[in-house]
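Here the structure comes first, spelled out in structure tokens, and everything after it is commentary.
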Amino acid sequence: MGRVFWRFFWTLALTIAGVILVVVAISTIFGLSPPKGAAQDLIETAILDSAATVLKDSGTDALARFAAAAASFNRPVDLVVAKADPANCQSGPAVTAMSRLVQTPEGCISITAKRMSYSIVAKILGFWPIIFAGIITSLASALWLARYLLWPLETLQSGLRSLAKGDFHVRIGKTFGHRKDEITAVGHDFDIAAAKLDDFHLSQQRLFHDVSHELRSPLSRLQAAAGILKQNPARLPDLLLRINREIDRLDGLVEEILTLAQLESGEPYQFDKQPVDLVELVNAIVEDGAFEGQAHGVVLEVTGVDTAVSHVNGELIYRAIENVIRNAIKYSEPGGKVVIRTAILAGGKALQIRVEDTGPGLPDSQMEAIFRPFVRAESTGDARAGVGLGLAITRQAIELHGGSVRAHKAQPRGLIVEIVVPLTSDRPQR
């Protein structure tokens, strides 16, 4: 059972206990007696018993004096003394609810108390301490419960209205203070959902902006080339290479956008899995990247295990690892080195691929950001920077296979990207 249940339970329990304590306290402080009806019955019974004893022990004169005294009490009792049928006293003193029969030398004497009648209002008012205490404690507990439950619900309702209007910056968790119960948990879950919606909204806006920007640049260069050809058709052979390069750039950008959109769609991504030696795949990527490394004056080095087979989609994994290695080559300074280390983890259940470069590195604030679409390193200032989709595709492809990707600083400088790919074949396909 949750905290809200126990809040209700203890509130009701303490309310009942509070009523009892307040009644006892008020009765003790003000010396209150029981309600009129019940108290009068007790008094009349005691007076009748006493009158019967006085009559039996002291006679009728003493009874008359006792009756006069009883009539002058704070709660008076009128006694009626009369002779009764002797037959009623033959079996000994008789006792009824409001009368007594006593056998005396003068005969059988009946002593009766005149029953006082009270209205319903008078009887109810006799319970005023309990009524007063119950009303006060009930109102106090009801007010507390209403504030405890309705106020956060109103806050949550207000937050949901703000979300419905498109205000994804609204947060309500802090307004609940230090409460620890299910309602507070709902408030914090609301904040998490609002933050995700805010991120999604910003990502969507950034996506539209970046896609249009990235498409505009090659299209502008193609438009410029077309303009030059209109003015000077003889330059066609010179401009064909440039036109083809821009077309390839557009084709690659569209392919990356489509790939990332499919990976991030949340729908099952259909692909075939085959047994692939991941170490062999890494070696093939390094062999292809060595030519690019030579052009940049960067040396590639591979160390680690000799083989690691897993059921994966070879094309997706190849592309994911290639994006990381090509980035490492691109941002390493001339004369630098890119080291790729492979290792078996978790008792043979996963392969770690660790790519370390000698580039300028990144601040801690960008270690996660570089895996988001269209985010490029701000510290490099390199004109060779791509469109910022490669690492986003890498993370999506690796996580699709049940693995993980993370980045952290190298020492004394550079960046390390660690890829972990499961080697077991029983991972569920998303």
Given backbone amide H placed at 1.01 Å from N, residues whose amide H is under 5 Å from that of residue 104, ignoring those fewer than 5 places away on the same chain, are 109
Virtual spin-label span in nm between residue 364 and residue 301, 7 Å along Cα→Cβ: 2.9 nm
Relative contact order computed over region 324-376 (Cα-Cα under 8 Å; 6+ residues apart), in percent: 34 percent
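When the accessible area of region 180-265 is computed with all protein chains present and a 1.4 Å probe, what percentage of it is carbon and sulfur?
C and S atoms contribute 61 percent here.
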If I model a spin label at residue 142 and residue 212 as a point 7 Å from the Cα along the Cα→Cβ vector, what separation in nanometres do I get? 5.8 nm
Suppose R0 equals 22 Å. What FRET efficiency, 1/(1 + (r/R0)^6) with r the Cβ-Cβ distance, do residue 196 and residue 408 give to the nearest 0.05? 0.35
With +1 assigned to the C-beta of every Lys and Arg and -1 to the C-beta of every Asp and Glu, and no other charges, what is the dipole magnitude of region 126-236 about the Cα centre in debye, to the nearest 20? 600 debye
Residue 154-residue 232 pseudo-label distance in nm [points 7 Å out on the Cα-to-Cβ vector]: 7.6 nm
From the backbone phi of region 401-414, what are the Karplus-calculated ³J(HN,Hα) couplings (6.51 cos²θ - 1.76 cosθ + 1.60, θ = phi - 60°) in whole Hz, Gly and Pro given as x? 8, x, x, 8, 9, 8, 10, 7, 6, 9, 10, x, 8, x
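The values are calculated or read from the model by the stated rules, or taken from the named source; none is laboratory data. The structure presented is a predicted model; accordingly, all values stated were derived computationally and were not measured. Please note: Cβ atoms are built from the backbone with ideal geometry, for glycine as well, and neighbour counts cover all protein chains shown. Areas reflect the complete protein model, heavy atoms only, side chains present, ligands, DNA and RNA absent. Shrake-Rupley method; radii C 1.70, N 1.55, O 1.52, S 1.80 Å.
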